[in-house]
1. Any residue in the range A:446-458 that is within 10 Å of chain B (Cβ to nearest Cβ) sitting within a Cβ distance under 6 Å of a residue that is open to solvent by 50 Å² or more (accessible area, probe 1.4 Å) and not in a strand (DSSP E or B)? List the pairs, counting only those 6 or more apart or interchain.
2. Go through the residues of the range B:5-12 one by one and say whether even a single one is touching a residue at least 24 places away in the same chain (Cβ under 8 Å) and farther than 23 Å from B:Glu74 by Cβ.
3. Go through the range A:699-745 and give me each residue that's hydroxyl-bearing (Ser, Thr, Tyr) and in contact with a strand residue (DSSP E or B) (Cβ under 7 Å, 6 or more places away or on another chain).
4. Any residue at all in the range A:582-593 that's touching a strand residue (DSSP E or B) at 6+ places or on another chain (Cβ under 8 Å), under 23 Å from A:Trp59 (Cα atoms), open to solvent by less than 10 Å² (accessible area, probe 1.4 Å) and of a type outside the set (A, V, I, L, M)?
5. Being among the polar types (S, T, N, Q), within 14 Å of chain A (Cβ to nearest Cβ) and surrounded by fewer than 21 Cβ atoms within 10 Å (Cβ to Cβ) is the requirement here; does B:Thr175 meet it?
6. Can we say A:Gly716 is open to solvent by less than 60 Å² (accessible area, probe 1.4 Å), among the small types (Gly, Ala, Ser) and out of contact with any Phe, Trp or Tyr (no Cβ under 8 Å at 6 or more places or on another chain)?
7. Of everything in the range A:93-127, what is of a type in the set (Phe, Trp, Tyr) and under 25 Å from A:Tyr177 (Cβ atoms)? Give them in sequence order.
Amino acid sequence: MNTALYPPINASTAKELGLLEEEFEKIKELLGREPNFTELCAYSAMWSEHCSYKNSIVWLKTLPKDGPHMLVKAGEENAGLVDIGDGYGCAFKIESHNHPSALEPYQGAATGVGGINRDIFTMGARPIALLNSLRFGEPELERTKWLVKGVVKGIGDYGNAFGIPTVGGETYFDKCYNQNPLVNAFSAGIVKTDRIIRAKAEGVGNPVFIVGASTGKDGIHGASFASKDLTEDSADDIPAVQVGDPFMEKLLLEATMELAETDYVVGMQDMGAAGIICSTSEMSAAGKHGMRIHLDRVPLRQKNMEPWEILLSESQERMLVVVKKGHEDQVKKIYDKWDIHCEQIGEVIEGDRLYFYWHDELIADLPASTLVLGGGAPVYYREFRQAAYYSELLDFDINAVPEPKDLKETARKILSLPNVASKKFIYEQYDSMVGTVNMSTNRPTDAAIVNLKGTNKALAMTVDCNPRFVWADPEIGTMMAVSEAARNIVVSGGIPSAVTNCLNFGNPYNPEVYWQFVGAVKGMGKACETFKTPVTGGNVSFYNQTVLKDRVEPVFPTPTIGMIGIVEDKKHITTIPFKQKGDLIYLVGTVREDINQSQYLVHIHGIEKSPVPQFSLEEEYALQEQLKITIRQGLICSAHDISEGGLWVTLMEKALTSGLGFDITLPAEIRKDAYLFGEGPSRVVVTVKQDDETAFIDSMMLNGVDFDLLGHVTKGSIRIDDEDWGHVEDYRNLYENSLTDILLS
Amino acid sequence: MKFGVVVFPGSNCDEDMVYVLKNILGQQVVKLWHKDHNLQGVDMIVLPGGFSYGDYLRSGAIAKFSPIMNEVTEFAKKGGYVLGVCNGFQILCEAQLLPGTLIHNTSHRFICKNQFIVADNNVSPINASIPLDRVLNIPIAHGEGCYYADVETIKEIEDNAQVLFRYCNPEGHITEDANPNGSVNNIAGVTNIHRNVFGMMPHPERAADEELGNTDGRLIFESLLNHMMANV
């Protein structure tokens, strides 16, 4: 320890560490004295946006938190927990790793996967499925190709070795993400409800262990770094990116699962952002106790580490475990079996103070509650103002958009667009089948279906967000994201249970960005109440933007919705592909002449400015309730909702996954381009056996949801309005390889 | 039959293998911890897929030094049946219980997908009862699955019918387009000269559960079981 080299304690040092002047004053007030450098570092990390949610918490608190299936409320534990019956719960969460991935895509994405899985198994839940939601810039750019390849390899190498299948996800390209990609990782795990491990420290005298990897200098100030603008100088921050070791994580998982079967654990928390200071303060505050921690006892990976570095290091694959006194040896034995470190570094004490020692010298003395969210961490009400672009979108007039001369050629182009074409290049690099629970491999579904072996149930999971819709109207666009997630689960045969979210936005100090954020949270709240899907947790990532010489361009507001649903009976599972020639094709939902914010409008006509497509939460809810009934009556052979690329792409995806074609007739009263390529929400294409037609119509008449007969399934030919559009196989290469061709060119 | 599934640190298909052997095929199964030396009287040893020891250095290169590999080698040399799938195949090659080696896919990308394979012959227990015109859909998931051996070795194993399976297209044709990883002559699995040690990159245990909509992998296990039962 060489305190002579520590900077002086003043507002300017505090600023260097990312703290505002008012925050520095507040720290002095809370401590009743001036902090030393180590203490100031602790506040800097814990009061960063990433750990404290200081600019978002007032709005997040408005989200619905309770539901019939909830086992813990949002924010109480490392992840949300839903009751799935038979004595089991499902822990799930989504988290961003955007800023590290922008600088070092491979490690940034890999450690994102590692971190989200630790959040799950630290609760005693064994992860069973991963999903991810990715946003990149224009795929033709060399930088984008580099980012895509690095991020996908990072996610793959970590998840594949860790041994949890990646069962679903989404990838979206837009130039607003050219500098700042988004990498959101989702994990779900299963836990016996009587074996849930809590993130709290209690019981005076109970020993505190650090387990897993050694601690190094990697990722120091990562949490503060994730809360800064990305600029051209950000590459200088590379030491703030952590390095992942999936093998260590796998050992840590297995050891933790063995430990969870014992009665020795009092509490456990993963060490992610802000390392030891975060886990010690959050567990102490949650358990209303304090801790005495000896930083010199932490196993280190490198020499010459200062105590403040050990306190803040974000080295991966580590956990803090509080154990019942007297069981130290049994716990050590479990970790020994898996050849991983398990060192006692301190003990639980009365009160709420954290005492950190360095070779018996007290070097930091902090009240735990002053560091954490819900305690002393600052809470800000930020100013917001409707974005200037918003009113311009309303000037859009569909009549000014010419109908394409060659509809077939336009349709081919749409099928090859990066946001429409197959993401095979990406998902084939993930092990989607390890664990032998992925029911969607051979029977593709809108939401991924994960088998609960030995039961008649399954889980449905999805991640969704069309960021264009959110940009065009943050509140309605976010309602639509929640609706799409719920719709994907419903059409796959599930019942939506709960939501986790990853809110990716620009700089919260920009009132127009904050307006997007507030709108998104409001929309999410309304939609989640409608679908009775409480928001169990997630994370907020601000400062996602491109800094140019003359201005700052935020990314599209991207509130990614991760949703879990329960399939109560596996026979309800409904898949995407057409089933047999002659089946009737129905479009369920209301069709409008609406091409707003469609891939067609943006990429074929080059028009970015149009309002959000027309949307009604009531209409969406009625559609989903209707489909739940009709699916349970066994009257629907296949179902796929309409999203990017419109009805045309939905039909083609049903065709390409089955090898069958379709023969449909378009209505005369709606423009053909709008009918085929419009992205109006709340619509689903289903197929029905001819023999079931009457029963289907009877079922559909119940709730007054619109439905129209489009045509029928063919052996392979595609016909629209009695015109020959070729064979389904004529489109396969275009759909399956267009994106791969761009990324490898 | 009693199966022993070896668990190395980093194995991640061990549970899947146990589930299929026990719950689906109704066999007796024990897990063999890599630090153990006791094979518990098993009739067959299975080295499952995964990333043993993180696959650091080279796939399977460290696992071959695991304590239990002494017993596995001895068991194999006495004629005991050993099956290695994916990482298990890599380990068996590293331990020189099988000819050849597995190198990086020619794409240099990990690949996971359904893949068609076809039995090359019917002379080994693992492919004996699989019709040669029956195309099997068996998932692959690997970064280092390109089977490689020198020209003499390839000639030798092909002449001795030691090739178990080859990658093919849906029609069963062994074409370059159907080769997912660049393996020499589309080789997906091989056996040793005595036909008691089997290695394959595709995962039959991922295609054995009706709930997942593909049971082609059962034909491979059933071929093995038929042979073993007949020789009890």
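The values are calculated or read from the model by the stated rules, or taken from the named source; none is laboratory data. Computed from a prediction, not measured in an experiment: that's the story for all the values here. Because the Cβ atoms are built from the backbone with ideal geometry, glycine has one as well, and the counts that use them run over all protein chains shown. Accessible surface is based on the protein model in full, side chains and every heavy atom, while ligands, DNA and RNA are left aside. Shrake-Rupley method; radii C 1.70, N 1.55, O 1.52, S 1.80 Å.
1. A:Asn451/B:Glu211
2. Here is the first cut: in the range B:5-12, the ones touching a residue at least 24 places away in the same chain (Cβ under 8 Å) are B:5-12.
Checking the rest, the ones that are also farther than 23 Å from B:Glu74 by Cβ come to B:10, B:12.
Scanning the range B:5-12, I find at least one residue that is touching a residue at least 24 places away in the same chain (Cβ under 8 Å) and farther than 23 Å from B:Glu74 by Cβ, so the answer is yes.
3. Of the residues in the range A:699-745, the ones hydroxyl-bearing (Ser, Thr, Tyr) are A:699, A:714, A:717, A:731, A:735, A:738, A:740, A:745.
Answer for the range A:699-745, where residues must be hydroxyl-bearing (Ser, Thr, Tyr) and in contact with a strand residue (DSSP E or B) (Cβ under 7 Å, 6 or more places away or on another chain): A:Thr714, A:Ser717.
4. Of all residues in the range A:582-593, those touching a strand residue (DSSP E or B) at 6+ places or on another chain (Cβ under 8 Å) come to A:582-589, A:591.
Those still in the list that are under 23 Å from A:Trp59 (Cα atoms) too: none.
No - not one qualifying residue is present in the range A:582-593.
5. Against the criterion (among the polar types (S, T, N, Q), within 14 Å of chain A (Cβ to nearest Cβ) and surrounded by fewer than 21 Cβ atoms within 10 Å (Cβ to Cβ)), B:Thr175 does not qualify.
6. In short, yes.
7. A:Tyr106
Matching residues to (1) under 26 Å from the mean Cα position of the chain (by Cα); (2) under 21 Å from A:Glu328 (Cβ atoms):
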{"residue": "A:Leu252", "(1), (2)": "yes, yes"}
{"residue": "A:Glu258", "(1), (2)": "no, yes"}
{"residue": "A:Thr262", "(1), (2)": "no, yes"}
{"residue": "A:Met268", "(1), (2)": "yes, yes"}
{"residue": "A:Ala285", "(1), (2)": "no, no"}
{"residue": "A:His289", "(1), (2)": "no, yes"}
{"residue": "A:Leu311", "(1), (2)": "no, no"}
